[in-house]
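Comments concern the structure below.
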């Protein structure tokens with residue numbers, strides 16, 4: 001029995017057309033969820049396995065969704081990847097994950113490599129300029145995570161509100177001079193958080209000292225911690241938890257008590273933040289939901305509607321923040 005004839009059997013068993021059965025098995029959201037389930041159950045009963053290569057020839061589109069990340073070693077992006085993979089698997093598709101090491105040239109090369117197997121892309125914090133991102137979107141469906149480009153669909157956590165929550169918390173503890181340890185100069189998220197700092201200062205009377213731009217990690221944290229101590233701030237808000245981890249490590253090396261002498265706040269709330277000594281106060285960004293939402297936007301029958309979708313964030317208060325010394 002040919003694969004085509006077997007598909008006809010599945011369609012007959014599910015009481016749908018062959019075209020509907022094909023779309024349902026491809027995970028198309030054009031087909032109602034109940035119908036998709038009925039077709040899949042019929043396929044399972046008959047032992048039918050779809051020919052993905054043939055389907056790609058018919059549809060002109062692979063059954064993969066590619067997720068391009070700047071740094072898979074960053075636990076935040078691992079969370080985004082989990083959200084993408086769960087949602088993709090639920091549709092019977094495949095997720096292809098690629099790491100670009102935060103390099104715009106590597107990013108362009110990786111996108112060119114995944115193009116033949118994935119016509120739908122989730123680009124997380126892409127480092128390419130806006131025009132290059134738009135050029136990619138002309139060849140494939142694209143949804144951005146933690147990046148906004150005019151004319152494209154994007155999803156991000158509420159950076160401005162996260163910064164506001166952190167500063168309100170520190171102000172309530174009595175801090176009046178806070179250092180901001182920023183992320184890479186090319187980071188869209190860092191620019192968004194800096195705008196949040198400006199807006200938040202209009203609501204709370206607090207001085208924010210710009211400590212500079214740092215690459216997240218131990219090396220960046222070493223420099224940021226030293227500059228914070230030299231600036232005589234009583235608290236530091238870090239661009240993300242990775243940078244905060246580096247700051248905590250350097251402060252420990254220098255014998256500086258946290259939060260006794262200096263309070264530290266991170267951003268993203270990666271899992272290890274709860275396990276530190278002291279546990280890190282951090283802005284919780286729903287990484288898993290960012291990934292799932294990006295895939296949802298890609299699964300529709302048409303190109304994703306342009307615009308930025310902003311997901312709520314929440315400050316998780318732990319023991320790395322306290323009243324300022326003295």
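Derivation of every value follows stated rules applied to the coordinates shown; laboratory data play no part. None of the values given here were measured: they were computed from a predicted structure. Using ideal geometry, Cβ is built from the backbone for each residue, glycine included, and neighbour counts are taken over all protein chains shown.
Percent relative contact order of the chain, based on C-alpha pairs within less than 8 angstrom and at least six residues apart?
Values: 660 pairs, mean separation 58.5, N = 326.
Answer for the chain is 18 percent.
Which value, in nm² and rounded to one decimal, describes the direction-averaged projected area of the C-alpha convex hull of the chain?
Details: hull surface 72.2 nm².
With the hull built on Cα positions only, its mean projection is 18.0 nm².
Taking square-rooted eigenvalues a ≥ b ≥ c of the alpha carbon gyration tensor, is the range 267-317 rounded, prolate or oblate, where a/c under 1.5 means rounded and, failing that, a/b exceeding b/c means prolate? List each step's numbers first, then the result.
On the way: a/c = 5.79, a/b = 2.93, b/c = 1.98.
Prolate, since a/c reaches 1.5 and a/b exceeds b/c.
Kindly state, as a whole number, the per residue volume in cubic angstrom of the convex hull around the alpha carbon atoms of the range 232-326.
Taking the convex hull of the Cα positions in the range 232-326, it is 106 Å³ per residue.
D for the range 72-198, whole µm²/s, Stokes-Einstein with Kirkwood Rh over alpha-carbon pairs at 10 °C and 1.306 mPa s: what number? Before the final figure, lay out the partial values.
On the way: Rh = 16.4 Å.
Answer, rounded: 97 µm²/s.
For the range 82-140, what D do you get in µm² per second when you plug the Kirkwood radius from alpha-carbon pairs into Stokes-Einstein at 4 °C and 1.567 mPa s?
On the way: Rh = 12.3 Å.
Rounded, D is 105 µm²/s.
Just to be sure I follow: if Rg is taken over the C-alpha atoms of the range 126-220 and Rh is the Kirkwood radius over the same atoms, what is Rg/Rh?
Details: Rg = 16.0 Å, Rh = 15.0 Å.
The Rg/Rh ratio comes out at 1.07.
Shape call for the range 159-286 from the C-alpha gyration tensor, a ≥ b ≥ c root eigenvalues: rounded (a/c under 1.5), prolate (a/b greater than b/c) or oblate? All intermediate terms of the calculation are to be shown ahead of the outcome.
Working: a/c = 1.32, a/b = 1.18, b/c = 1.13.
Rounded, since a/c falls under 1.5.
At a threshold of 8 angstrom on Cα-Cα distance, excluding pairs fewer than six apart, so keeping six or more, what relative contact order does the range 159-286 reach in percent? Please report the intermediate quantities before stating the final value.
Details: 238 pairs, mean separation 30.9, N = 128.
Reported as a whole number, the value is 24 percent.
Work out how far the C-alpha atoms of the range 190-264 reach from end to end along every principal axis, then list the three figures in whole Å, largest first.
For the range 190-264, the Cα extents along the three principal axes come out at 35, 25, 18 Å.
Taking the beta-carbon count within 10 Å as an exposure proxy, list 180, 48 from fewest neighbours to most. Show your work: numbers first, answer last.
Details: 180 24, 48 20.
In order of increasing Cβ crowding within 10 Å: 48, 180.
Over the range 129-191, what is the relative contact order in percent, taking alpha-carbon pairs closer than 8 angstrom and at least six residues apart?
Values: 36 pairs, mean separation 15.2, N = 63.
About 24 percent, as a whole number.
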